[in-house]
Amino acid sequence: VDLGRYEEAAQRFREASDLSAGHAPALRAWRRAALCQGQFVDLVDCCEREAAGAHDAAERARLYHLAAIAAMDRLGDEARAMDNLRRVLAGDAGNEDAFVRLTGLLAARGELVELAQRLAARVGHERDRDKILALHRRLAELYLEHLGDRDRAKVHLHAVVSAQPNDLRAVVLLSDLAWEQGHWAEAAEALTLRSRLERDPEVAKEVFMRL
(Lines give C-alpha, C1' and ligand atoms only; values in the text may rest on other atoms or scores of the structure.)
Protein backbone atom coordinates (compact mmCIF):
# COMPACT_ATOMS: atom_id res chain seq x y z
CA VAL A 1 0.00 0.00 0.00
CA ASP A 2 1.67 3.24 -1.09
CA LEU A 3 1.36 6.36 1.08
CA GLY A 4 -1.05 8.06 -1.34
CA ARG A 5 -3.58 5.26 -1.06
CA TYR A 6 -2.98 4.31 2.58
CA GLU A 7 -6.05 6.10 3.97
CA GLU A 8 -8.32 4.43 1.42
CA ALA A 9 -6.87 1.01 2.17
CA ALA A 10 -6.99 1.56 5.92
CA GLN A 11 -10.66 2.49 5.67
CA ARG A 12 -11.38 -0.74 3.83
CA PHE A 13 -9.44 -2.77 6.39
CA ARG A 14 -11.35 -1.02 9.17
CA GLU A 15 -14.71 -1.71 7.53
CA ALA A 16 -13.84 -5.38 7.00
CA SER A 17 -12.88 -5.66 10.66
CA ASP A 18 -16.09 -3.96 11.77
CA LEU A 19 -18.24 -6.25 9.60
CA SER A 20 -16.52 -9.36 10.89
CA ALA A 21 -15.12 -8.72 14.35
CA GLY A 22 -11.52 -9.82 14.59
CA HIS A 23 -11.26 -10.53 10.84
CA ALA A 24 -7.69 -11.81 10.97
CA PRO A 25 -6.61 -11.37 7.32
CA ALA A 26 -7.83 -7.77 7.14
CA LEU A 27 -6.31 -6.86 10.49
CA ARG A 28 -3.00 -8.51 9.64
CA ALA A 29 -2.80 -6.64 6.33
CA TRP A 30 -3.80 -3.38 8.03
CA ARG A 31 -1.15 -3.86 10.74
CA ARG A 32 1.58 -4.40 8.18
CA ALA A 33 0.50 -1.41 6.12
CA ALA A 34 0.27 0.85 9.17
CA LEU A 35 3.72 -0.23 10.33
CA CYS A 36 5.29 0.30 6.91
CA GLN A 37 3.73 3.76 6.56
CA GLY A 38 4.50 4.83 10.12
CA GLN A 39 0.81 5.26 10.96
CA PHE A 40 1.18 4.49 14.64
CA VAL A 41 -2.31 5.52 15.78
CA ASP A 42 -3.71 2.97 13.35
CA LEU A 43 -1.05 0.45 14.33
CA VAL A 44 -2.09 0.59 17.99
CA ASP A 45 -5.78 0.36 17.10
CA CYS A 46 -5.18 -2.56 14.76
CA CYS A 47 -2.99 -4.48 17.23
CA GLU A 48 -5.60 -4.08 19.94
CA ARG A 49 -8.37 -5.33 17.65
CA GLU A 50 -6.24 -8.23 16.45
CA ALA A 51 -5.24 -9.18 19.99
CA ALA A 52 -8.85 -9.11 21.21
CA GLY A 53 -9.75 -11.72 18.60
CA ALA A 54 -6.64 -13.89 18.95
CA HIS A 55 -7.26 -17.42 20.22
CA ASP A 56 -3.64 -18.16 21.08
CA ALA A 57 -2.57 -16.63 24.41
CA ALA A 58 1.04 -16.09 23.32
CA GLU A 59 -0.04 -14.35 20.11
CA ARG A 60 -2.51 -12.20 22.04
CA ALA A 61 0.22 -11.11 24.47
CA ARG A 62 2.59 -10.40 21.57
CA LEU A 63 0.06 -8.15 19.84
CA TYR A 64 -0.79 -6.24 23.02
CA HIS A 65 2.95 -5.83 23.59
CA LEU A 66 3.38 -4.33 20.12
CA ALA A 67 0.45 -2.00 20.77
CA ALA A 68 1.99 -0.94 24.09
CA ILE A 69 5.40 -0.23 22.56
CA ALA A 70 3.88 1.84 19.75
CA ALA A 71 1.64 3.77 22.15
CA MET A 72 4.51 4.46 24.55
CA ASP A 73 7.46 5.04 22.21
CA ARG A 74 5.75 6.55 19.18
CA LEU A 75 2.63 8.25 20.48
CA GLY A 76 3.65 9.16 24.03
CA ASP A 77 0.27 7.87 25.18
CA GLU A 78 1.17 6.56 28.62
CA ALA A 79 -2.36 5.64 29.69
CA ARG A 80 -3.00 3.52 26.60
CA ALA A 81 0.45 1.96 26.85
CA MET A 82 -0.22 1.00 30.46
CA ASP A 83 -3.57 -0.59 29.62
CA ASN A 84 -1.88 -2.74 27.00
CA LEU A 85 1.07 -3.59 29.23
CA ARG A 86 -1.37 -4.82 31.87
CA ARG A 87 -2.98 -7.01 29.21
CA VAL A 88 0.42 -8.40 28.25
CA LEU A 89 1.22 -9.33 31.84
CA ALA A 90 -2.22 -10.86 32.34
CA GLY A 91 -1.37 -13.39 29.63
CA ASP A 92 2.41 -13.51 29.95
CA ALA A 93 3.33 -12.73 33.55
CA GLY A 94 7.03 -13.33 32.94
CA ASN A 95 7.40 -10.76 30.14
CA GLU A 96 10.35 -8.70 31.38
CA ASP A 97 10.04 -5.80 28.95
CA ALA A 98 6.36 -5.32 29.76
CA PHE A 99 7.16 -5.50 33.49
CA VAL A 100 9.99 -2.94 33.24
CA ARG A 101 7.92 -0.56 31.13
CA LEU A 102 4.83 -0.78 33.33
CA THR A 103 6.64 -0.44 36.65
CA GLY A 104 8.64 2.48 35.28
CA LEU A 105 5.45 4.27 34.27
CA LEU A 106 3.75 3.48 37.58
CA ALA A 107 6.72 4.86 39.53
CA ALA A 108 6.88 8.00 37.38
CA ARG A 109 3.15 8.63 37.81
CA GLY A 110 3.20 7.94 41.56
CA GLU A 111 0.83 4.97 41.31
CA LEU A 112 2.64 3.24 44.16
CA VAL A 113 0.01 0.77 45.34
CA GLU A 114 -0.13 -0.93 41.95
CA LEU A 115 3.64 -0.62 41.67
CA ALA A 116 4.04 -2.60 44.89
CA GLN A 117 1.57 -5.22 43.64
CA ARG A 118 3.46 -5.59 40.37
CA LEU A 119 6.84 -5.88 42.10
CA ALA A 120 5.51 -8.49 44.52
CA ALA A 121 3.98 -10.49 41.68
CA ARG A 122 7.30 -10.39 39.83
CA VAL A 123 9.07 -12.10 42.74
CA GLY A 124 7.14 -15.27 41.94
CA HIS A 125 8.22 -15.25 38.29
CA GLU A 126 11.84 -14.16 38.66
CA ARG A 127 14.55 -16.84 38.70
CA ASP A 128 17.66 -14.69 39.09
CA ARG A 129 18.66 -14.53 42.76
CA ASP A 130 20.12 -11.03 42.56
CA LYS A 131 17.01 -9.69 40.84
CA ILE A 132 14.79 -11.32 43.47
CA LEU A 133 16.79 -9.65 46.25
CA ALA A 134 16.60 -6.31 44.40
CA LEU A 135 12.82 -6.69 44.22
CA HIS A 136 12.58 -7.39 47.96
CA ARG A 137 14.79 -4.37 48.73
CA ARG A 138 12.71 -2.12 46.52
CA LEU A 139 9.48 -3.40 48.08
CA ALA A 140 10.82 -2.85 51.59
CA GLU A 141 11.76 0.73 50.72
CA LEU A 142 8.41 1.34 49.03
CA TYR A 143 6.36 0.08 51.96
CA LEU A 144 8.54 1.77 54.56
CA GLU A 145 9.09 5.20 53.00
CA HIS A 146 6.03 5.72 50.82
CA LEU A 147 3.13 3.43 51.72
CA GLY A 148 3.52 3.46 55.50
CA ASP A 149 3.16 -0.30 55.94
CA ARG A 150 5.92 -1.36 58.30
CA ASP A 151 4.76 -4.95 58.63
CA ARG A 152 4.96 -5.53 54.90
CA ALA A 153 8.31 -3.76 54.80
CA LYS A 154 9.55 -6.21 57.44
CA VAL A 155 8.38 -9.20 55.38
CA HIS A 156 10.64 -8.11 52.53
CA LEU A 157 13.52 -7.19 54.83
CA HIS A 158 13.31 -10.67 56.36
CA ALA A 159 13.46 -12.13 52.86
CA VAL A 160 16.64 -10.15 52.14
CA VAL A 161 18.30 -11.05 55.43
CA SER A 162 17.34 -14.71 55.09
CA ALA A 163 19.03 -14.90 51.69
CA GLN A 164 21.89 -12.51 52.49
CA PRO A 165 22.59 -12.29 56.25
CA ASN A 166 25.51 -9.87 55.71
CA ASP A 167 23.29 -7.15 54.21
CA LEU A 168 23.94 -4.53 56.88
CA ARG A 169 21.38 -2.01 55.63
CA ALA A 170 18.56 -4.58 55.69
CA VAL A 171 19.62 -5.78 59.15
CA VAL A 172 19.73 -2.19 60.47
CA LEU A 173 16.28 -1.41 59.13
CA LEU A 174 14.87 -4.66 60.47
CA SER A 175 16.33 -4.17 63.95
CA ASP A 176 15.14 -0.55 64.13
CA LEU A 177 11.62 -1.47 63.01
CA ALA A 178 11.32 -4.34 65.48
CA TRP A 179 12.66 -2.12 68.28
CA GLU A 180 10.22 0.70 67.47
CA GLN A 181 7.31 -1.76 67.40
CA GLY A 182 8.31 -3.28 70.73
CA HIS A 183 8.85 -6.72 69.25
CA TRP A 184 11.71 -7.48 71.61
CA ALA A 185 12.55 -11.05 70.61
CA GLU A 186 12.64 -10.08 66.95
CA ALA A 187 14.66 -6.96 67.76
CA ALA A 188 17.17 -8.97 69.82
CA GLU A 189 17.71 -11.43 66.99
CA ALA A 190 18.27 -8.63 64.47
CA LEU A 191 20.50 -6.68 66.86
CA THR A 192 22.63 -9.75 67.53
CA LEU A 193 23.19 -10.16 63.80
CA ARG A 194 23.81 -6.42 63.49
CA SER A 195 26.47 -6.54 66.22
CA ARG A 196 28.46 -9.05 64.14
CA LEU A 197 28.29 -6.91 61.01
CA GLU A 198 28.76 -3.39 62.41
CA ARG A 199 32.23 -1.94 61.79
CA ASP A 200 31.78 1.46 63.43
CA PRO A 201 32.93 1.09 67.08
CA GLU A 202 30.54 3.75 68.42
CA VAL A 203 27.55 2.25 66.63
CA ALA A 204 28.58 -1.25 67.71
CA LYS A 205 28.71 -0.05 71.33
CA GLU A 206 25.20 1.38 71.03
CA VAL A 207 23.94 -1.89 69.56
CA PHE A 208 25.42 -3.90 72.46
CA MET A 209 23.77 -1.57 74.96
CA ARG A 210 20.36 -2.29 73.38
CA LEU A 211 20.81 -6.06 73.66
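Checking LEU115 against (1) more than 23 Å from HIS156 (Cβ to Cβ); (2) surrounded by 16 or more Cβ atoms within 10 Å (Cβ to Cβ), which test does it fail?
(1)
May I ask you to list the residues in the stretch 90-124 that are at pLDDT below 95 and in contact with a Ser or Thr (Cβ under 9 Å, 6 or more places away or on another chain)?
Listed by number, the list is empty, since nothing qualifies.
Scan (1) surrounded by 15 or more Cβ atoms within 10 Å (Cβ to Cβ); (2) of a type outside the set (S, T, N, Q); (3) under 25 Å from ALA120 (Cα atoms); (4) in contact (Cβ under 8 Å) with a residue 24 or more places away in the chain for the single condition VAL44 breaks and write down its number.
(3) is the only condition that VAL44 fails.
Would you check which residues across the stretch 184-205 are of a type outside the set (Gly, Ala, Ser) and open to solvent by less than 80 Å² (accessible area, probe 1.4 Å) and list them?
Kept after step one, since they are of a type outside the set (Gly, Ala, Ser), are these residues of the stretch 184-205: 184, 186, 189, 191-194, 196-203, 205.
Listed by number, the residues that qualify are GLU186, LEU191, THR192, LEU193, ARG194, LEU197, GLU198, ASP200, VAL203.
I want to confirm something. Restricting to the stretch 51-107 and keeping residues that are β-branched (Val, Ile, Thr) and within 24 Å of GLN39 (Cβ to Cβ), which single residue is most open to solvent (accessible area, probe 1.4 Å)? Write out each step before concluding.
Filtering the stretch 51-107 down to residues β-branched (Val, Ile, Thr) leaves 69, 88, 100, 103.
Pick out the ones that are also within 24 Å of GLN39 (Cβ to Cβ) and you get 69, 88.
On the way: ILE69: 52, VAL88: 0 Å².
The extreme case among them is ILE69.
Which residues, counting only those in the stretch 118-133, are in contact (Cβ under 8 Å) with a residue 12 or more places away in the chain and either closer than 17 Å to LEU85 by Cα or open to solvent by 90 Å² or more (accessible area, probe 1.4 Å) (or both)?
ARG118, LEU119, ALA120, ALA121, ARG122, HIS125, ARG129
Restricting to the stretch 161-176, give me the number of residues that are outside any loop (DSSP other than H, G, I, E, B) and either under 17 Å from VAL203 (Cα atoms) or in contact (Cβ under 8 Å) with a residue 40 or more places away in the chain (or both). Don't jump to the end; show me each part of the working.
Applying the first criterion (outside any loop (DSSP other than H, G, I, E, B)) to the stretch 161-176 yields 161-163, 168-176.
Next cut, either under 17 Å from VAL203 (Cα atoms) or in contact (Cβ under 8 Å) with a residue 40 or more places away in the chain (or both) only: 168-176.
Final tally of qualifying residues: 9.
The values are calculated or read from the model by the stated rules, or taken from the named source; none is laboratory data. Fair warning: this is a prediction, and the values are worked out from it, not measured in the lab. Glycine also receives a Cβ, built like all others from the backbone with ideal geometry; neighbour counts cover every protein chain displayed. For the accessible areas, the whole protein counts, side chains as well, though only heavy atoms, and no ligand, DNA or RNA atoms are used. Shrake-Rupley method; radii C 1.70, N 1.55, O 1.52, S 1.80 Å.
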